Amino acid sequence: MTYDLSIPAQLSAALMPDLLLMAGAMVLMLFAAWRPDSDEHQRAVGYGSLGLVLLTMVAVVYMGLSGATAEKGGVIAIDGYRWLVDLVILLGAAGTIALAIEHNGKDSITQPESHVLVLFAASGMMILAAARDLMVVFLGIEIMSVAIYVLAGMNRRSVRSAEASLKYFLLGAFATGFLLYGIALIYGATGQTQLNEIGAQVQRLELVSDPMFLIGCGLLLIGLGFKVAAAPFHMWAPDVYDGAPTPITAFMAATVKAAAFATFLRIWYESFYYAFNGWANVVAALAVLTMIVGNVVALQQKNIKRMLAYSSIVHSGYLLVAVVASSALASTAFTFYVLAYTLATFGAFAVVAAMQPAGETDARIADYEGLWHVRPWLATAMGVYLLALLGFPVFGGIGFFAKWYLVQAALASPAGLTRLAVILVVTSVISAGYYLSVVRAMFMKPRPDGAAAPGPVGPLSRAVMAVTVVLILGLGLFPSRLVGISSASGFRPYPFSPALQIGTPFGPGR
């Protein structure tokens, strides 16, 4: 079906999965408020939320398979890229809720609203994936962020959780200011907020060197850099990830990042493509700084949640390479990478949640020593996730191909990002230092005397681990099908102009 987005009814129909999720979340919010807080009630709302997420997934798949498209440009996109990112977001939301249903009891979180807030955050992310207008981008970011601010502080008995929430709120509000000023300056320079119209104005008015436009791009880059935790805007991430309840940390590290990067890519490809020479080196420098800083600091970590937080910062650097590569192949590599990263991150945090004793928020790497001897399947699953994040061949499954395609996209980029690809590979090798140290602790070190074995793992957590391990290894053995889907769904920028060539120092090494 071809939608005319200027007609309100057809615009609403094009937003059907998003509206379904929002409406269902509101109904569940009323149900959550209907009875006093209790573990039983939070579980009931959690299962209802899981059902709603699965229903929304069906709606997204239906829209994707129906071949829906838009008659002309509009404020939202109707393309495969949107539906694929939506599925990654919903997969993350389902994983978060499944882990939280069982983990909330450990943290004495009995508020059923925690699951509903995940749904609201996911609906904001879906708006971000669909947005083709800067005002819609802002709307999506705020819907997502407000829910995440609350979720980070959901453990009211934890000072660190409250600190995480306050820190994220204050810095998030600060970053929102940059985002708004950026939008205002871009509107001032182009007179447009719709992405394709901005791109057309940049080409028509030759705004590549216009100070107002470039400052607007820079402010927008800072605002989005904060959301994806790119260095040097990453300082909030380790403390917030460490203080938040573990399922919410997984949600922030994987799904929030995927949604923010999805809109990042669309804005940069569609609006700023013809200003490539104005921003390419800045984004490339940001990618290099993020990969180096994240890796160097991750090597020093003794707490596994903080180590995974810095690891997520490093992966932001890898994904920034896809932004600079500016090609259809790069957008394909991006969607493939985001799915692989989401699966591995959720699996890793599922193990961290399973390892945490009730009432404890500390997650020391030392606690994983000798895990193979007492919980071999837990150690094996964690090994697969860490090797996937590392991009290790065979045992890292889909993680290896995700990095492979990203490097290929950088090398094949018309901008000739050879040096950036080399830096990506070198920093990936450095990351082995902290990923393999955990693997070594689990498999090669004895269990310390007197160390208690981790408690039993709940069925939902086991399901999350099983699904993520099977998908990581299965798609690693047969990646071609997923590559085909990613390729068909990849967001396609304009044909690259030979006039758009990146200069030193990240250009071709020739």
- What do you reckon, is Ala453 crowded, with 16+ Cβ neighbours inside 10 Å and hydrophobic (A, V, I, L, M, F, W, C)? no
- Scanning region 367-380 residue by residue, the ones that are part of a helix (DSSP H, G or I) and either touching a Lys or Arg at 6+ places or on another chain (Cβ under 7 Å) or over 28 Å from Arg160 (Cα atoms) (or both) total 6
- Glu206 being in a loop (DSSP other than H, G, I, E, B) and either touching a residue at least 40 places away in the same chain (Cβ under 8 Å) or not small (Gly, Ala, Ser) (or both): yes
- Query: crowded, with 21+ Cβ neighbours inside 10 Å, out of contact with any Phe, Trp or Tyr (no Cβ under 6 Å at 6 or more places or on another chain) and within 28 Å of Arg266 (Cα to Cα): does that describe Met144?
  - Reply: yes
- Please go through region 176-203 and pick out each residue that is under 19 Å from Leu128 (Cβ atoms), without any contact (Cβ under 8 Å) to a residue 60 or more places away in the chain and surrounded by 21 or more Cβ atoms within 10 Å (Cβ to Cβ). Leu179, Gly182
- Note on the structure: Flagged in region 56-109 as open to solvent by less than 40 Å² (accessible area, probe 1.4 Å), among the charged types (D, E, K, R) and closer than 30 Å to Arg160 by Cβ, in numbering order, are Glu102, Asp107
- Query: Does region 174-196 hold any residues that are at pLDDT 90 or above and farther than 20 Å from Glu142 by Cα, and which are they?
  - Reply: Gly188, Ala189, Thr190, Gly191, Gln192
- Query: What are the residue pairs meeting all of these: first residue in region 1-18, first residue among the β-branched types (Val, Ile, Thr), second residue not in a loop (DSSP other than H, G, I, E, B), Cβ atoms under 8 Å, and 6 or more apart or on different chains?
  - Reply: Thr2/Thr69; Thr2/Ala70
- Message: For the structure I just gave you, tell me whether Leu378 is open to solvent by less than 60 Å² (accessible area, probe 1.4 Å) and touching a helix residue (DSSP H, G or I) at 6+ places or on another chain (Cβ under 9 Å).
- Response: yes
- Residues of region 287-316 classified as surrounded by 24 or more Cβ atoms within 10 Å (Cβ to Cβ) and closer than 24 Å to Ile215 by Cβ, total: 3
- Message: For region 102-129, which positions are in contact with a Leu (Cβ under 6 Å, 6 or more places away or on another chain) and under 23 Å from Asp362 (Cβ atoms)?
- Response: Glu102
- If you check Val394, Val429, which single one turns out to be modelled with pLDDT of 90 or more, open to solvent by 60 Å² or more (accessible area, probe 1.4 Å) and within 30 Å of Ala325 (Cβ to Cβ)? Val429
- Query: Which ones in region 1-53 are in a helix (DSSP H, G or I), buried (at least 20 other Cβ atoms within 10 Å of the Cβ) and in contact with a strand residue (DSSP E or B) (Cβ under 7 Å, 6 or more places away or on another chain)?
  - Reply: Ala14
- Which of (1) among the aromatic types (Phe, Trp, Tyr); (2) closer than 22 Å to Ser316 by Cβ; (3) buried (at least 22 other Cβ atoms within 10 Å of the Cβ) does Phe400 not meet, given it meets every other one? (3)
- region 204-239: number of residues that are at pLDDT 90 or above, farther than 14 Å from Gly278 by Cα and β-branched (Val, Ile, Thr): 1
- Enumerated helices (runs of 4 or more DSSP H) restricted to region 57-175, each holding at least 2 residues that are in contact with a Pro (Cβ under 6 Å, 6 or more places away or on another chain) and under 15 Å from Thr255 (Cα atoms): 80-106
- Item | Number of the condition not met by Leu473 [criteria: (1) open to solvent by 50 Å² or more (accessible area, probe 1.4 Å); (2) under 22 Å from the mean Cα position of the chain (by Cα); (3) of a type in the set (A, V, I, L, M, F, W, C); (4) modelled with pLDDT under 80] | (4)
- Query: With respect to Ser123, is the statement that it is more than 27 Å from Leu195 (Cβ to Cβ) and open to solvent by less than 10 Å² (accessible area, probe 1.4 Å) true?
  - Reply: no
- Residue check: is Val384 open to solvent by 10 Å² or more (accessible area, probe 1.4 Å) and in contact (Cβ under 8 Å) with a residue 12 or more places away in the chain? yes
- Message: Go through region 408-426 and report how many residues are buried (at least 21 other Cβ atoms within 10 Å of the Cβ) and under 16 Å from Phe392 (Cβ atoms).
- Response: 1
- Query: Given Leu343, Leu339, Leu319, which one is in contact (Cβ under 8 Å) with a residue 40 or more places away in the chain and either part of a loop (DSSP other than H, G, I, E, B) or open to solvent by 10 Å² or more (accessible area, probe 1.4 Å) (or both)?
  - Reply: Leu339
- Task: Collect the residues in region 396-453 that are of a type in the set (D, E, K, R) and in a loop (DSSP other than H, G, I, E, B), keeping them in residue-number order.
- Result: Lys445, Arg447, Asp449
- Of the candidates Ala358, Ala348, the one satisfying the condition of being farther than 28 Å from Phe226 by Cβ and either touching a residue at least 40 places away in the same chain (Cβ under 8 Å) or assigned to a helix (DSSP H, G or I) (or both) is Ala358
- Can you name the helices (runs of 4 or more DSSP H) wholly within region 218-284 that have at least 2 residues being open to solvent by less than 10 Å² (accessible area, probe 1.4 Å) and under 25 Å from Val407 (Cα atoms)? 257-270
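The values are calculated or read from the model by the stated rules, or taken from the named source; none is laboratory data. Keep in mind that this is a model prediction, so the values were computed, not measured. When we count neighbours, we look across all protein chains shown, and the Cβ atoms used for this are built from the backbone with ideal geometry, even at glycine. When the accessible area is computed, the model is the full protein with side chains, heavy atoms only, and any ligands, DNA or RNA have been set aside. Shrake-Rupley method; radii C 1.70, N 1.55, O 1.52, S 1.80 Å.
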